[in-house]
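Written out below as structure tokens is the structure these notes cover.
The values are calculated or read from the model by the stated rules, or taken from the named source; none is laboratory data. What you are looking at is a predicted structure, and each value in this text was computed from that prediction instead of being measured. Accessible surface is based on the protein model in full, side chains and every heavy atom, while ligands, DNA and RNA are left aside. Shrake-Rupley method; radii C 1.70, N 1.55, O 1.52, S 1.80 Å.
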Amino acid sequence: RGVLGTPGAGLRRPRGAGVREGRRLPDTAARAFGLRALAMHDLNQSKSALTTLEAVCTRAVGEDMSVLSSLLATFVAQLRLLRGDVDGCHQMIAFARLEESLADLADDKSRMWIEREAVTGLFAGLWLREGKPAEALALATQTSDAAVAAGRRLTAARGLLLVARSQQGLGCDQAARAAIQLAVDLTLGTGAIRPFLECGRDLHAHLRDIG
């Protein structure tokens, strides 16, 4: 059965002592699956990528791999959004209770950066798609500020590029350019390219100007 084939099911997020120590491997595995699927989308293989990712997510749910399946579900929702399936994106958000992950971002300082980045990208992207740039701006700013403070330069850069898209959606092109410039400055010397390839065509003109 597909990942939405279990009505009323939800992914449980483990809490308490001893949970965080064992999270790194599942999170890393989930991120690898998710990034591979997004790369396949870039190669016009998004249908195959989505099918594969949903199958992995279903297996993770069946084996009660709560952290792994929560992060995978975030990537499934993001891939559906990229394919233009907004309703399917909302279905996955509801199924996996991803709004709980969103609500926890500001309060749970121990959250893995992989998860923070994925949840921010999903919800900010969804809100921009739905014409809610102010909401997207608030979330992207929260994540980018926290990442800058923690020295997480790539996460900060991705957040700032979402800030730029949000500012552009609000008609604030100068603020958008400033956010892009800061993202460029943060990634100097890292060799990072992917955040700028993924930021959306709307920002590419600004990137060319800055470059």
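Ratio of region 80-158's C-alpha Rg to 2.2 N^0.38 Å, to two decimals?
The reported ratio for this selection is 1.08.
Heavy-atom accessible area of Leu53 with all protein chains present, probe 1.4 Å, nearest 10 Å²?
0 Å²
Quick one: how many Å² of Arg153 are accessible to a 1.4 Å probe, rounded to 10?
110 Å²
If you roll a 1.4 Å probe over region 105-173 with all protein chains in place, what percent of the accessible area is carbon or sulfur?
Of all accessible area on region 105-173, carbon and sulfur atoms account for 51 percent.
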